[in-house]
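Asker: The structure's right below; bear with me while I get my questions together.
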Amino acid sequence: MIRRPWSRTAVAILLGTALAAAMPFMPAVGEQSPPQSPPQSPPQSPPQSPPQSPPQSPPVPVVEIGAQAELQARGAAIIVPVRVTCGPGATEPGLVVVQVSQRVGNQIAVGSGTLNNLACDGGVQGVRVPTLALKRPFRTGGAFAVANLLVCFPTGGCVNGLGFREIGIIRPDRDRPTTMNQTH
């Protein structure tokens, strides 16, 4: 059976005409509604306690990556400076994870580093995160860094803060003495 486009139009017009003709015979909404009862006084509700504020969510930790990282061991690692703020109420140790990627020729050098047991006292802390190169060494020049700070609270809730930016990888000052016991 072949249908023509005009046949659909004709069917629509016929249905519309049939509905329009039937409208006067349909009852109005008011005619079908049940009769209203006389107004009654509103029900008495029990006394309510004063409104309570919604539970506060823990503060979001703040992470700021420094502008320059220092090249270590001929590119096997870099030291990334990070400023972290756990936020008030965080008493559990924090954890910061840093990831860095850098274009080296036609390849990408990547690395990551973790620093745990950060003392979360509510203040700003400057830490240095050793970030180890994976597969390819880092070199001096531009790179991209991402830092994630995870903080847990005594209530059992955990939150994280995220920071990212373009950084410069530089050689450490050759005049500065290096020791094996550098603190982070």
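The values are calculated or read from the model by the stated rules, or taken from the named source; none is laboratory data. Here the structure is a predicted model, which is why all the values come from computation and not from measurement. Don't worry about glycine lacking a Cβ; one is built from the backbone with ideal geometry, like all the others, and counts go over all protein chains shown.
Asker: For the range 65-88, give me the residue count where each residue is surrounded by 15 or more Cβ atoms within 10 Å (Cβ to Cβ) and closer than 20 Å to residue 158 by Cβ.
Answerer: 5
Asker: While we're here: If I ask for residues that are surrounded by fewer than 17 Cβ atoms within 10 Å (Cβ to Cβ) and either charged (D, E, K, R) or in contact with a strand residue (DSSP E or B) (Cβ under 6 Å, 6 or more places away or on another chain) (or both), which ones from the range 113-124 would you list? Please lay out each step first, then the result.
Answerer: Let us first name the residues in the range 113-124 that are surrounded by fewer than 17 Cβ atoms within 10 Å (Cβ to Cβ), namely 114, 116-117, 119, 121-124.
Selection gives 114, 116, 121, 124.
Asker: Can I ask one more? Would you check if there is a residue in the range 93-102 being under 30 Å from residue 59 (Cα atoms), surrounded by 13 or more Cβ atoms within 10 Å (Cβ to Cβ) and without any contact (Cβ under 8 Å) to a residue 40 or more places away in the chain?
Answerer: The initial filter retains those residues of the range 93-102 that are under 30 Å from residue 59 (Cα atoms), namely 93-101.
The next check asks that each one be surrounded by 13 or more Cβ atoms within 10 Å (Cβ to Cβ); those that pass are 93-101.
Pick out the ones that are also without any contact (Cβ under 8 Å) to a residue 40 or more places away in the chain and you get 93.
Checking the range 93-102: at least one residue is under 30 Å from residue 59 (Cα atoms), surrounded by 13 or more Cβ atoms within 10 Å (Cβ to Cβ) and without any contact (Cβ under 8 Å) to a residue 40 or more places away in the chain.
Asker: Take residue 158 and tell me if it is within 21 Å of residue 90 (Cβ to Cβ), in contact with a Cys (Cβ under 8 Å, 6 or more places away or on another chain), surrounded by fewer than 16 Cβ atoms within 10 Å (Cβ to Cβ) and modelled with pLDDT under 95. It would help to see each step written out before you state the result.
Answerer: Values: within 21 Å of residue 90 (Cβ to Cβ): yes; in contact with a Cys (Cβ under 8 Å, 6 or more places away or on another chain): yes; surrounded by fewer than 16 Cβ atoms within 10 Å (Cβ to Cβ): yes; modelled with pLDDT under 95: yes.
Yes; evaluated as a whole, the condition is true for this residue.
Asker: On the given criteria, is residue 136 of a type in the set (D, E, K, R), surrounded by 13 or more Cβ atoms within 10 Å (Cβ to Cβ) and in a strand (DSSP E or B)? Walk me through it before giving the result.
Answerer: Values: of a type in the set (D, E, K, R): yes; surrounded by 13 or more Cβ atoms within 10 Å (Cβ to Cβ): yes; in a strand (DSSP E or B): no.
Considered against the rule, which asks whether it is of a type in the set (D, E, K, R), surrounded by 13 or more Cβ atoms within 10 Å (Cβ to Cβ) and in a strand (DSSP E or B), residue 136 comes out as no.
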